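Beneath this line is the structure, given in structure tokens, with notes to follow.
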Amino acid sequence: VCSMGNSTSRLYSVLAKTLSSGAVSQHQDCLEQLDPARLDPIDPKDLLEECQMVLQKRPPRFQRNFVNLKKNTASNHRPIRVMQWNILAQALGEGKDNFIQCPMEALKWEERKCLILEEILAYKPDILCLQEVDHYFDTFEPLLSRLGYQCTFFPKPWSPCLDVERNNGPDGCALFFLKDRFELVNSANIRLTAMKLKTNQVAIAQTLKCHETGRLFCIAVTHLKARTGWERFRSAQGCDLLQNLKSITQGAKIPLIVCGDFNAEPTEEVYREFSNSSLNLNSAYKLLSPDGQSEPPYTTWKIRPSGECRHTLDYIWYSQHALNVNSALGLLTEEQIGPNRLPSFNYPSDHLSLVCDFSFNQDPDRLL
């Protein structure tokens, strides 16, 4: 990492230095010394500049535009920006996923982490929901806490990352929210069940209070079971998550936003369960379609030995009786993605980030 000659950059250079396998135990003294609670805040502009210095030999990041979806409804508060993203676990990207058109050089962590941070810093989410996070303790929690986020991580019990030599620990879901905008009221780490059995998939659900409006809402992040042939399993996991969320939101009395990599196309049963739930959920990215009823054509696009995989698997669900979607970030075009697909030197993950701006409905009870 290039030092830019100021204290923020020098501290970031130390904090963001990727630790090798077994680093948490081997470098515990270092981690304690760099406790983010005892360090000064980072200016996001300084961090962005440092990331761009690291990435100066790479192609510039893709430009994506927000699509205005706001109806003629007045709102007297700032929108809440929510970002959903499967960032691709480093151990899986390098050791298991076998992206045959992606050079290994493009997956180098010292640069790829800066691409991930650049994407987050560019969109400035109030709430950030991530999956496949395997560098939480040495990268995301130290940096994002100093950017003003409260951070929560829930690893998978049997993460496939642990099968990869020189891994950085298990991957899992992570949830971050800006402390100057929200207060944490309740937090639940949920290990999802299927057919009454505990599974390897998890979720985090947090009830937050918006400082500006005093309104409560629940934000949840999850990552369901992958692969073809596991449709019934995903359906059972989805039912379990919905049951948990019904309890947490007191049967939809508290507005809800659910972000996740569901590993399920809109044709799957788990998608229908969320669409038809008594929580009255809608999928935000459907609103980008001309009729407001169709999901995007893809949220992930990669090439593996078995062939090209182009699927819609990632969603931001929301309580349509209580929340409005003001805008949504447009997806990358096929031309931007390029013939070698994702990940690439331009983009750090095989999944696209989804970003939405939400506002509270002024009269939510009327639409229940």
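The values are calculated or read from the model by the stated rules, or taken from the named source; none is laboratory data. Since this is a predicted model, take the numbers as computed values, not measurements. Accessible surface is based on the protein model in full, side chains and every heavy atom, while ligands, DNA and RNA are left aside. Shrake-Rupley method; radii C 1.70, N 1.55, O 1.52, S 1.80 Å.
Brief remarks follow.
- In the complete set of protein chains, residue-level accessible area for M104 is approximately 110 Å², probe 1.4 angstrom.
- Links that overshoot a 29 Å alpha carbon limit, given the list K96/K124; K246/K302; K196/K253; K71/K113; K113/K302: K96/K124; K246/K302; K71/K113
- Surface accessible to a 1.4 Å probe, I337 within the full protein complex, Å²: 10 Å²
- Distance from the alpha carbon centroid of region 165-226 to that of region 73-92 works out to 13 angstrom.
- In plain terms, the chain from Q336 to V67 could stretch by 95.1 nm, reckoned as 0.36 nm per residue minus the Cα-Cα distance.
- Antiparallel %, DSSP beta bridges [both residues in region 80-362], to 5: 85 percent
- Potential extension, H211-T228 segment - 0.36 nm per residue separation minus Cα distance: 1.8 nm
- On full extension, the segment bounded by Q101 and M53 gains 14.7 nm, given 0.36 nm per residue less the C-alpha separation.
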